[in-house]
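Working notes, beginning with the structure itself.
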Amino acid sequence: MAACRSQSLVQAQRRISEVRNGTDTEQQLRLYDGWAAEYEQDVTILLYQAPKLAASCLASVFQGPRADALVLDVACGTGLVAQELQAKGFCRFHGLDGSRGMLDHACRKGLYQELKQCMLGQEALPASSGFYNAVLMVGALSEGHVPTSVIPELLRVTKPGGFVCMTTRDDQSNLKYKRRMQKLLDDLERRGLWEKIRVQEVEQWERATAEQEATGGSGYISGVVYLYQKTPSVGF
Ligand SMILES: C[S@@+](CC[C@H](N)C(=O)[O-])C[C@H]1O[C@@H](n2cnc3c(N)ncnc32)[C@H](O)[C@@H]1O
């Protein structure tokens, strides 16, 4: 039984490494297509908590009736974020992802009223400006995944006064990306387009895929949840 569990852990770690090291976006999305059926089982083994943490972060500040709030889940994958938000009373979800296989699994959950395939970071988001009460992007803003150029788009499609919640990893292989992301987040704040509401640093974000990436030999990598509020008076 223990041998079986450790074999599953090794397989989950191998899959994560594969998608992180994909040579280009098309190849990476094909890997996600092939992983979709076992994605949730594998991230459970890796103790991946980002969807739960992001949902709790948004719910802790969201004012007004949650049942009326329209939420965009960017890089929705199989729908773990909507699942966590539904448990907190949200029920109107649109989802975007580049992988057909992941979108098919999200569709089977029956939680999303709209799901679209979209190459993030390469094209504008297929949504009107100022449309969503909240926009979340969980588990996809990192080196080898979606470029930070998608972030102004997350802001654009959010309603004035609405929230943008994002996550990133905090391990060695993602430090440069995290720095670039932080600079962009700060720049948008300096321009008065949004305000930082919360930054939650989490030490045990998920199990590391290799010992050298774990924080202080803990076996885990750390990560961050960012929550911003779009300036109510902003005109787009
Ligand atoms: C680690 S999964 C996260 C899924 C979900 N948000 C979660 O937390 O479980 C990353 C997702 O990003 C999508 N993705 C990665 N790069 C993408 C890109 N350039 N364009 C669109 N989707 C992308 C993948 O298909 C995958 O579903």
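Within the range 80-92, how many residues turn out to be away from the ligand (no atom under 12 Å from the Cβ) and surrounded by 22 or more Cβ atoms within 10 Å (Cβ to Cβ)?
Residues in the range 80-92 being away from the ligand (no atom under 12 Å from the Cβ) and surrounded by 22 or more Cβ atoms within 10 Å (Cβ to Cβ): 1 in total.
Give the range 6-41 a look and list any residue that's among the acidic types (D, E), surrounded by 14 or more Cβ atoms within 10 Å (Cβ to Cβ) and near the ligand (Cβ under 10 Å from one of its atoms), or say none.
D33, E40
On the given criteria, is G101 within 9 Å of the ligand (Cβ to nearest atom), in a helix (DSSP H, G or I) and not polar (S, T, N, Q)?
So G101 fits the description; yes.
Of everything in the range 153-163, what is under 19 Å from R180 (Cα atoms) and within 16 Å of the ligand (Cβ to nearest atom)? Give them in sequence order.
Once the filter is applied, which keeps residues that are under 19 Å from R180 (Cα atoms) and within 16 Å of the ligand (Cβ to nearest atom), the range 153-163 yields E153, L154.
Would you confirm whether any residue within the range 208-226 is of a type in the set (D, E) and in contact with a Phe, Trp or Tyr (Cβ under 8 Å, 6 or more places away or on another chain)?
No - not one qualifying residue is present in the range 208-226.
For residues that are more than 24 Å from G130 (Cβ to Cβ) and touching a residue at least 40 places away in the same chain (Cβ under 8 Å), scanning just the range 60-79, find the one that is nearest to the ligand (Cβ to nearest atom).
G77
Restricting to the range 121-152, and then to whatever is in contact with a Phe, Trp or Tyr (Cβ under 8 Å, 6 or more places away or on another chain) and among the hydroxyl-bearing types (S, T, Y), can you tell me which residue is farthest from the ligand (Cβ to nearest atom)?
Per the criteria, the residue is S129.
Which residues, counting only those in the range 14-59, are in a helix (DSSP H, G or I), touching a residue at least 40 places away in the same chain (Cβ under 8 Å) and hydroxyl-bearing (S, T, Y)?
Matches in the range 14-59: S17, T25, Y32, Y39.
What number of residues in the range 174-225 are among the β-branched types (V, I, T) and either over 30 Å from S8 (Cα atoms) or in a helix (DSSP H, G or I) (or both)?
Counting residues in the range 174-225 that are among the β-branched types (V, I, T) and either over 30 Å from S8 (Cα atoms) or in a helix (DSSP H, G or I) (or both) gives 3.
Find the residue count for the range 35-72, including only residues that are closer than 18 Å to Q204 by Cβ and among the charged types (D, E, K, R).
Number of matching residues: 2.
May I ask you to list the residues in the range 125-139 that are assigned to a loop (DSSP other than H, G, I, E, B) and in contact with a Cys (Cβ under 9 Å, 6 or more places away or on another chain)?
If the condition is that a residue be assigned to a loop (DSSP other than H, G, I, E, B) and in contact with a Cys (Cβ under 9 Å, 6 or more places away or on another chain), then L125, P126, V138 are the ones that fit.
Given the residues V234, V157, V150, which is the only one that is β-branched (V, I, T) and at pLDDT below 95?
Unique residue meeting the criteria: V234.
Only one of E143, E153, E114 is among the charged types (D, E, K, R) and touching a strand residue (DSSP E or B) at 6+ places or on another chain (Cβ under 6 Å). Can you tell me which?
Exactly one of E143, E153, E114 is among the charged types (D, E, K, R) and touching a strand residue (DSSP E or B) at 6+ places or on another chain (Cβ under 6 Å), namely E114.
The values are calculated or read from the model by the stated rules, or taken from the named source; none is laboratory data. The structure presented is a predicted model; accordingly, all values stated were derived computationally and were not measured. As a convention, Cβ positions derive from the backbone with ideal geometry for all residues, glycine included, and neighbour counts pool all protein chains shown.
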